[in-house]
1. Hey, fewest Cβ within 10 Å first, where do C117, C96, C68 land in order?
2. Can you sort T28, T159, T121 so the residue with the fewest Cβ neighbours within 10 Å comes first?
3. Rounded to the nearest 0.05, what FRET efficiency is calculated for F62 and M14 with R0 set to 25 Å and r the Cβ-Cβ distance?
4. Using the Karplus curve 6.51 cos²θ - 1.76 cosθ + 1.60 with θ = phi - 60°, what ³J(HN,Hα) values do you get for each residue of region 21-34, in whole Hz, with x for Gly and Pro?
5. What full-extension length gain, to one decimal in nm, is calculated for F103 and F148 as 0.36 nm per residue of separation minus the Cα-Cα distance?
6. Kindly put F7, F112, F45 in sequence by how many other C-beta atoms sit within 10 Å of each C-beta, fewest to most.
7. Using label points projected 7 Å from each Cα along Cα→Cβ, tell me how many nm separate S140 and Y165, to one decimal.
8. Return the FRET efficiency for the residue pair C96, Q76: r is the Cβ-Cβ distance, R0 is 22 Å, and the value is rounded to the nearest 0.05.
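Values quoted throughout were computed directly from the atomic coordinates according to the rules given, and no laboratory measurement underlies them. Because the structure is predicted, anything quoted here is derived from the model rather than measured. Here the Cβ positions follow ideal geometry from the backbone for every residue, glycine too, while neighbour counts run over all protein chains shown.
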Amino acid sequence: MSSEGRFGRFDFTMVVTGLFLYVGDVGTDLWVALSFWREGRVVWFALVLGSMLLAAVTIQIFSLSWHCDDQKQSRQNGSESQPPPCHHYCRMPFLCLGLLHVFQMGIPVRIFLVLKCGYMTAFKDQDDHWKAIYLATDLSMLRLFEAFLETAPQLILQTFILLQYEHRNYIQYLSD
C-alpha cells in the first residue's frame with residue numbers, strides 16, 4: 001500500500017498485475033503437468049498436479065474460513081467501526097461462496113472484490129481505503145500461502161528433474 005496508508009492507483013495497478021500473474025501461473029503449471037503427461041512421465045505429472053491440488057485445496061479452505069470468520073465477526077460487532085468483512089462487498093449467500101470455493105474460484109472471487117473496492121477508492125475518491133487494504137491483505141496472505149505450498153515444492157521438483165535427467169522443457173522455466 002502507498003506510504004500514506006491509502007489504497008491508490010498504484011495499488012490498484014498492482015492488483016491488476018497480480019491477476020494476470022495468477023492466471024499465468026496457473027496456466028504454466030497446467031501446461032507443464034500436461035507436457036509431462038503427454039511424454040508419458042506419469043510420476044512427474046502426478047507430482048506437479050499433486051502440489052497444485054494440495055495448495056489449491058488448502059488455499060480454498062483458508063479463504064472460505066476467513067469469509068465465515070468475517071461474517072461471524074460482523075454479526076457479533078454489529079458496527080461499522082471495524083473493517084467490514086468481505087461479504088459487505090460480496091453479498092452472496094454462504095452456500096454460493098462455498099460452491100465457488102469447491103470449484104477453486106476463491107482467489108478469483110477475492111481478486112474481484114479487491115478490484116471492485118479498490119476501483120471505487122482509487123478512481124472514484126471514496127474514502128474507504130481501509131476496506132480495500134483489508135481485502136488486499138487477505139488476498140496477499142492467500143497468495144503467500146500459495147507460494148510456500150505450491151511454488152516452493154514445484155521449484156525443488158523442477159530443479160531435480162533438470163539436474164538429474166537433463167530433461168529440458170522450456171515452459172518449466174516459466175512455471176517456477
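1. Details: C117 26, C96 12, C68 15.
Ranked by crowding around the Cβ, least crowded first: C96, C68, C117.
2. The order, fewest Cβ neighbours first, is T159, T28, T121.
3. Calculated value: 0.70.
4. 5, 4, 4, x, 4, 4, x, 5, 4, 5, 4, 4, 4, 5
5. Details: separation 45, 0.36 × 45 = 16.20 nm, distance 2.16 nm.
The F103-F148 span can extend by a further 14.0 nm.
6. Values: F7 27, F112 14, F45 18.
Neighbour counts put them in this order, fewest first: F112, F45, F7.
7. 3.9 nm
8. Result of the calculation: an efficiency of 0.45.
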